[in-house]
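Coordinate-derived values only; no laboratory data. Worth saying up front: this structure is predicted, and the values here are computed from it rather than measured. Using ideal geometry, Cβ is built from the backbone for each residue, glycine included, and neighbour counts are taken over all protein chains shown.
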Amino acid sequence: MGGLAGTVDRVARYVREVRNEARKVIWLSRRQTFTYTAVVVVACAVLAAFMYGFDVLLTAVAKGFVALV
């Protein structure tokens, strides 16, 4: 068993590796971030509208079915 010293060494190594990997990241520009955020917001709005329409349709069908019974 490594004990406390082994645990500290593993944590320190992990932090060094995380820092090295973070340096390799290619960060987006402000314009790219804005563009991609806008795409996500629009896609979410379209999906929400589709789901709302589908919900309204299914509700109408269910109410019609219940009215028959």
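The table below gives the values:
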| item | result |
| --- | --- |
| Fluctuation leader among Ala45, Ala22, Ala12 - the chain, Gaussian network, Cα springs under 10 angstrom | Ala12 |
| Debye log10 I(q)/I(0) for the chain, one point scatterer per Cα, at q = 0.13, 0.28 Å⁻¹ | -0.69, -1.08 |
| Ala5 versus Ala62: modelled label distance in nm, points set 7 Å from Cα along the beta carbon direction | 6.6 nm |
| Chain lengthening between Lys24 and Ala12 when straightened (0.36 nm per residue, less Cα-Cα) | 2.4 nm |
| Charge dipole (the chain, unit charges on Cβ, about Cα centre) - positive-most of Gly64, Val41, Ser29 | Ser29 |
| Residue-averaged [θ]222 nm for the chain, counting only DSSP H segments that reach four residues, each worth -39500 (n - 2.57) | -32000 deg cm²/dmol |
| Dipole magnitude of the chain, debye to nearest 20 (Cβ charges: Lys/Arg +1, Asp/Glu -1, about Cα centre) | 420 debye |
